[in-house]
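Undergrad: Once you've had a glance at the structure underneath, I'll fire off some questions.
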Amino acid sequence: MNKKIILIGLNHRTAGVEIREKFALTDIEHLEKGLMAHCPIQECLALSTCNRVEIIAVTRNVSKREAMDSLIQYWAGICKGSPESLLENTYQYSDLEAVEHLFSVACSLDSMVMGEPQILGQLKDAYRKAVDEGTARTIVNRLLHKSFSVAKRVRTETAIASSAVSISFAAVELAKKIFGNLGGTRAMLVGAGEMAELAATHLLQNGVQDIIIANRTLSRAKELAATMHGEPIQIESMPDRLHEVDIVISSTGSPVSVIKARDVKSVLKRRKNKPMFFIDIAVPRDIDPDVNQLDNVYLYDIDDLKEVVEDNMAQRQEEAGKARAVVVAETETFSNWLNSLELQPTIVDLVDKGEDIALKELNKTLKKIGPVDEKTRNALETLVLSVGKKSLHEPICFLKRRTQEEGSAERFIDLARRMFNLDDETVPDTAHLARKTKSCSSEDIEKLIDASKNKEQ
């Protein structure tokens, strides 16, 4: 195939935040159409997030170098930046390296926090935009659908996203181990530190009923309470309200402890010894370490949480090896599909499938009619194989004619492979929906098949 897949991008590893901001491709109207108009490419998709910007393109009849240079020039131009500055911060991949990189991105193997789920949603948004712009065609369509299914397979077959790798999320996971379901529990935020605020947000997302926010500056407590639908109070009122909550997150920055063991002991009596969970994210510590000696009290400080995060990061690294093996295997599968877009392999596959069906049906018939002599069997075999070949003659001639048209080869070959299921894919139950449309172009049919297949995956 004389088409080439190319990918050029920058991310948190290759470029600082200033460069990523400078060359971000968000909110640029008709970006993909502009790339198609000014660069020697036939398909494209652009992904732009806070941590990465990437352009995936398919080119034909030009060198990879020429296509890459053209993309760099146009990208730098629309961002009003220097092509040299952009180039020195980018990475470039082509063909199967580009495919493997995109699969890794979809699986969050290339993310700042390995295993995070946001990148897959961002990639799906970028794909929808490319479809709307009309720049995602046969190869980009298949590449992105495959990326989504690879990501799903990685999340199903590995535990890469199962453990907490941030301080705030680790705190919530520990709380869930203590209380089980957090639904109906109450929490208190003492102070307004950033990590404590984030932990409180995670707690609310996991079912915590409501939050009391205690802070020295009441206006700040009210500001936070408004975003969390909580109750703001002065920090001086905190000891009198502790008995109302199950979870306490503290980050005041006070030079001395703000929660004493003796205070918690009296609180437990009022709670009739119901369990309490304390998260101390302050340095110096806000909560007297002796609190942990009390029955039904669980206290974790910043070092405890860091240890949990480090252990979980090690687990994710181990799972990453399994995920990368999936990516490599799926890249090979995609490579086979790319190669099949040449006409000759598709003709061979069509003929082989026709012969296979003919011989299977012959064997079924012979079992029904009983033994026949070898001469009769050979004659019947010649007959069914001939019928099979002749029934495929017109489809093959049609493919030969249409694939000689500029820009049509891959589309018609791909459609033929799906129509005859030459890649042994499971046909979705919704495939019949194509018949319900009043008038379908070949592109409309492709979209319907893709949408059905994507839904099944």
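Undergrad: Pull out the extension gain between LYS272 and CYS50, defined as 0.36 nm times the separation in residues minus the alpha carbon to alpha carbon distance; nm, one decimal.
TA: In short, 75.1 nm is gained.
Undergrad: Next question, about the same structure. At 1.4 Å probe size, what's the solvent-accessible area of GLU342? Round to the nearest 10 Å².
TA: The accessible area of GLU342 comes to roughly 80 Å².
Undergrad: Here's something else I'd like to know. Taking every pair of Cα atoms in region 84-237, average 1/r, invert it to obtain the Kirkwood radius, and report Rg/Rh to two decimals.
TA: 1.13
Undergrad: Once neighbouring chains are kept in place and the probe is 1.4 Å, which whole percent of the accessible area of region 276-349 is contributed by carbon and sulfur?
TA: About 46 percent, which is the carbon plus sulfur part of the accessible surface.
Undergrad: Follow-up. Per residue, what accessible area does the chain have, given a 1.4 Å probe and all protein chains present, in Å²?
TA: 51 Å²
Undergrad: In a solvent-free Debye calculation with one equal scatterer on each Cα, what is log10 I(q)/I(0) for region 287-338 at q = 0.17, 0.18 Å⁻¹, listed in the order of the q values?
TA: For region 287-338, the Cα-only Debye profile gives -0.69, -0.72.
Undergrad: For region 1-151, what is the Kirkwood hydrodynamic radius in Å, using each pair of distinct C-alpha atoms?
TA: With all distinct Cα pairs of region 1-151 included, I get 15.2 Å.
Undergrad: Under a 5 Å amide H to amide H cut-off, with H placed in plane at 1.01 Å, what residues pair with GLU231 once short-range neighbours are removed?
TA: ILE211, ILE212, ILE213
Undergrad: What FRET efficiency do you get for ASN296 and LYS124 if R0 is 35 Å and r is their Cβ-Cβ distance, rounded to the nearest 0.05?
TA: Efficiency for this residue pair is about 0.20.
Undergrad: Modelled label-to-label distance, ALA37 and GLU244, 7 Å Cα→beta-carbon offset: nm?
TA: With each label placed 7 Å out from Cα toward Cβ, I get 6.0 nm.
Undergrad: Expressed in whole Å with the largest first, what are the equivalent ellipsoid semi-axes of region 222-348 derived from the C-alpha gyration tensor as the square root of 5 times each eigenvalue?
TA: 54, 18, 14
Undergrad: Oh, and also: Rounded to the nearest 20 Debye, what is the dipole magnitude of the chain about its Cα centre when Lys and Arg each give +1 and Asp and Glu each give -1 at the C-beta?
TA: 1320 debye
Undergrad: Of GLY370, ASN421, ALA314, which is farthest along the charge dipole of the chain in the positive direction, counting Lys and Arg as +1 and Asp and Glu as -1 at C-beta?
TA: Positive-most Cα among the choices belongs to GLY370.
Undergrad: Sorting ASP263, ASP373 by accessible area (1.4 Å probe), largest first, what list results?
TA: ASP373, ASP263
Undergrad: Quick one: what are the phi-derived ³J(HN,Hα) couplings along region 65-81, Karplus 6.51/-1.76/1.60 with θ = phi - 60°, whole Hz, x for glycine and proline?
TA: 4, 4, 5, 4, 4, 5, 5, 4, 4, 5, 4, 4, x, 6, 9, 6, x
Undergrad: Suppose each label sits 7 Å from its Cα in the direction of the beta carbon; what would the THR365-ASN336 distance come out to in nanometres?
TA: Modelled inter-label distance: 3.1 nm.
Undergrad: Distance in nm between label sites at ILE357 and SER63, each 7 Å beyond Cα in the beta-carbon direction?
TA: Computed distance between label sites ILE357 and SER63 equals 4.6 nm.
Undergrad: Just to be sure I follow: if Rg is taken over the C-alpha atoms of region 102-181 and Rh is the Kirkwood radius over the same atoms, what is Rg/Rh?
TA: Reported Rg/Rh (Cα atoms, Kirkwood Rh): 1.12.
Undergrad: Give the dimensionless ratio obtained when the Cα radius of gyration of the chain is divided by 2.2 N^0.38 Å.
TA: My calculation over the Cα atoms of the chain gives 1.35.
Undergrad: So, how do all the Cα-to-Cα distances of region 327-390 break down into 5 Å bins, in percent, from 0 on up?
TA: 3, 16, 18, 15, 12, 10, 9, 8, 6, 2, 0
Undergrad: Taking only Cα atoms, what is the 0 to 90° angle, nearest 10, from helix 261-270's long axis to the longest principal axis of the chain?
TA: The answer is roughly 80 degrees.
The values are calculated or read from the model by the stated rules, or taken from the named source; none is laboratory data. What you see is a predicted model, and the numbers here were worked out from it, not measured in a lab. All Cβ positions, even for glycine, are placed from backbone atoms using ideal geometry, and neighbour counts span all protein chains on display. For the accessible areas, the whole protein counts, side chains as well, though only heavy atoms, and no ligand, DNA or RNA atoms are used. Shrake-Rupley method; radii C 1.70, N 1.55, O 1.52, S 1.80 Å.
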